[in-house]
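Notes for the one structure printed next.
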Amino acid sequence: MNLHYLKRKAVNMAALAASAFSAAFGIVFLFWILKDVITMGLPAIDLSFFTRLPAPPGTEGGGLANAILGTFTITVIATAIGVPAGILAGTYLSEYGRKSHVADVVRFISDILVSAPSIVVGVFVYALIVRPFGGFSAIAGAVALAIIMLPVVTRTAEEMLKLVPNATREAALALGAPHWKVTVLVVYRGAIRGITTGVLLAVARVSGETAPLLFTSFNNSFWNFKLTEPTATLTVTIFSYAMGPYEDWHAKAWGAALLITSVVLLVNIFARVILRGRSA
Amino acid sequence: MGIYDRHKADKAGDALFKGISYFFALSVILLMALIFIVLLKESWLSLKTFGFGFFVSSDWDPVSGSFGALPAIWGTVVSSLIAIVIALPISLGIAIFLTEMAPKPLKGPIGTAIELLASIPSIIYGMWGLFVFAPLLSDYVEPFLVDYLGFIPLFRGAPMGIGMLPAGFILAIMIIPFISSVARDIFQMVPAMIKESGYGVGATKWEVISRVVIPYTKSGIIGAVILGLGRALGETMAVTFVIGNSHEISLALLDPATSISATLANEFTEAVEEIYLSSLVELGLILFVITFVVLALAKLLIKKTALEGGRR
């Protein structure tokens with residue numbers, strides 16, 4: 001009896017120690033990556049990193065100003081396409097088709113598209129836009145990112161709109177307001193904080209995407225202000241620089257990694273703060 | 001404006017707004033259909049030329065125009081399975097630690113940190129794997145594996161720090177935050193009363209976890225794992241850096257391999273010949289179909305759990 005008790009206690013201790021150890025293992029790895037990104041990225045970041053073009057291959061110096069601009073431009077265009085489309089689709093799911101079959105199918109497909117391989121989206125946009133229109137372009141990259149955003153924004157918008165109490169809708173309808181005005185002026189206003197959070201998270205996610213941009217916006221070593229030309233982005237630059245042979249390229253890639261990681265993490269933290277503000 | 005005009009205008013506005021939102025909801029379905037159709041159309045040449053042989057051939061020769069998907073499919077599946085085997089116990093460990101063991105002031109910060117780490121772009125994981133982890137593996141871990149576990153065919157190969165095992169490992173680190181935050185949410189749904197009944201009859205903490213919490217949440221955990229598998233199968237950048245890009249099938253996990261996504265990332269912009277490009281698109285189609293099936297399965301499983309949970 002006593003032995004049995006001791007054995008159970010020992011098993012308990014061992015299992016708990018194992019799970020604490022595996023938790024520590026996972027957490028250590030994750031922070032190890034962050035630490036390396038910071039320590040190896042910081043030395044590469046100076047003023048010219050933000051203001052100058054890449055130096056010719058093999059020579060030191062220069063910066064990634066064009067890639068920073070490219071990531072910004074492509075993300076902004078993708079947001080301009082993906083967010084309104086996603087919010088409207090979410091509006092249908094929450095306000096009109098709540099229990100319809102169409103809505104069920106849209107939800108199911110959105111959830112699958114959210115986790116679908118982003119590189120396939122790149123192949124799709126290549127076949128749909130790049131090849132027929134004769135070349136890589138910032139627009140094609142933005143379309144690829146917008147496709148990735150659409151299901152994410154659709155589902156978040158739906159969830160956030162559903163949180164608005166029905167009594168609010170009924171109160172506005174009782175005053176004689178038409179349904180669309182109720183949705184735009186009352187329901188959207190009630191859900192604005194949640195939708196903003198969702199949009200911010202979606203923007204952060206696509207700004208770190210690489211795979212869908214490889215065959216759509218491609219890369220460029222120079223300034224490019226035309227949306228129909230190949231455009232450099234931070235993530236694709238990291239890919240080609242990290243795979244390249246030069247030490248200076250590797251340093252620049254770490255710098256770009258630090259920049260994109262900090263932006264993504266800051267936006268995530270900011271979004272969490274907004275969301276917490278609501279529940280408070 | 002008379003009251004009737006206004007009523008008409010309101011009705012028109014309603015119809016218009018509903019129509020627009022309906023259109024964008026349908027656009028999600030349309031998008032999915034279009035992706036299938038376009039991929040199918042673009043891979044038609046390869047489908048026609050190689051037929052079913054594409055799935056079983058391990059040829060990959062751009063010069064002679066002969067292509068087979070087996071090495072890429074093999075690499076995608078094996079690296080993802082390695083990732084799941086490593087990530088599952090660690091993710092459950094993190095979830096158990098966060099829900100059952102961590103002191104309260106630690107729960108919030110560690111949980112948030114793990115969720116934040118899930119948002120780090122995958123290219124960062126890949127780059128770290130190539131520059132930091134691979135040299136470490138090839139200097140310390142892999143020679144050891146070859147010397148002491150080399151009698152198992154799995155642990156043979158060139159100890160370069162680049163190959164199937166390192167790719168699986170990096171994938172595992174990438175999906176750990178994802179699986180563990182889902183698992184934590186699921187563990188938190190176990191009613192306190194059920195756990196307390198366990199403690200009430202004198203069970204130890206581990207006995208409550210292993211015999212009450214885990215059985216209670218079993219389908220949810222399976223769903224979370226399949227969801228993680230779906231992510232791992234389609235992941236590109238974390239794999240491309242460290243898998244080694246070799247179209248050879250090798251049982252030795254230390255040898256370089258390739259995956260569908262890595263093949264696409266490396267070769268797509270170089271493919272000039274029609275048949276080369278078409279074969280690559282067919283690879284993309286295969287990946288899309290595999291992940292579609294896996295994710296649909298996960299979704300149905302999680303939905304079923306939620307329904308059962310509601311009935312209990």
Criterion (within 9 Å of chain A (Cβ to nearest Cβ), modelled with pLDDT of 90 or more and open to solvent by 60 Å² or more (accessible area, probe 1.4 Å)) met by exactly one of B:30, B:34, B:45, B:81: B:34
Being open to solvent by 20 Å² or more (accessible area, probe 1.4 Å), among the hydrophobic types (A, V, I, L, M, F, W, C) and modelled with pLDDT of 90 or more is true for just one of B:242, B:289. Which residue is that? B:289
One residue is enough: does the range A:111-120 have a residue meeting the conditions more than 9 Å from chain B (Cβ to nearest Cβ) and surrounded by fewer than 24 Cβ atoms within 10 Å (Cβ to Cβ)? no
So, in the range B:201-245, how many residues would count as being without any contact (Cβ under 8 Å) to a residue 24 or more places away in the chain and either in a loop (DSSP other than H, G, I, E, B) or aromatic (Phe, Trp, Tyr) (or both)? 6
Find all pairs meeting these conditions: Cβ atoms under 9 angstrom apart; at least six residues apart or on different chains; first residue within the range A:130-142 and assigned by TED's automatic domain parsing to the domain that holds residue A:214; second residue acidic (Asp, Glu) and open to solvent by 70 Å² or more (accessible area, probe 1.4 Å). A:135/A:229; A:136/A:229; A:137/A:229; A:138/A:229
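Per-residue answers, yes or no, for (1) more than 9 Å from chain B (Cβ to nearest Cβ); (2) in a helix (DSSP H, G or I); (3) of a type in the set (Ser, Thr, Tyr):
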position: A:59; (1), (2), (3): yes, no, yes
position: A:68; (1), (2), (3): yes, yes, no
position: A:73; (1), (2), (3): yes, yes, yes
position: A:79; (1), (2), (3): yes, yes, yes
position: A:84; (1), (2), (3): no, yes, no
position: A:87; (1), (2), (3): no, yes, no
position: A:90; (1), (2), (3): no, yes, no
position: A:94; (1), (2), (3): yes, yes, yes
Residue in the range A:211-220 that is closer than 16 Å to residue A:95 by Cα, of a type in the set (S, T, N, Q) and within 12 Å of chain B (Cβ to nearest Cβ) present: no
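This table checks each residue for (1) open to solvent by 10 Å² or more (accessible area, probe 1.4 Å); (2) modelled with pLDDT of 90 or more.
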{"position": "B:170", "(1), (2)": "no, yes"}
{"position": "B:181", "(1), (2)": "yes, no"}
{"position": "B:210", "(1), (2)": "yes, yes"}
{"position": "B:219", "(1), (2)": "yes, no"}
{"position": "B:236", "(1), (2)": "no, yes"}
{"position": "B:250", "(1), (2)": "yes, no"}
Only one of A:55, A:78, A:85 is surrounded by 13 or more Cβ atoms within 10 Å (Cβ to Cβ) and under 21 Å from residue B:16 (Cβ atoms). Can you tell me which? A:85
Please specify each residue of the range B:9-27 satisfying the condition of being open to solvent by 70 Å² or more (accessible area, probe 1.4 Å) and more than 16 Å from residue A:81 (Cβ to Cβ). B:11, B:16, B:18, B:22
For the range B:147-188, give me each residue that is more than 20 Å from residue B:134 (Cβ to Cβ), within 14 Å of chain A (Cβ to nearest Cβ) and either outside any helix (DSSP H, G or I) or β-branched (Val, Ile, Thr) (or both). B:179, B:182
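The values are calculated or read from the model by the stated rules, or taken from the named source; none is laboratory data. Quick caveat, the model's predicted, so the values are computed rather than measured. Cβ atoms come from the backbone with ideal geometry, glycine included; neighbour counts cover every protein chain shown. Please note that ligands, DNA and RNA were not included when accessible areas were found on the heavy atoms of the full protein model with its side chains. Shrake-Rupley method; radii C 1.70, N 1.55, O 1.52, S 1.80 Å.
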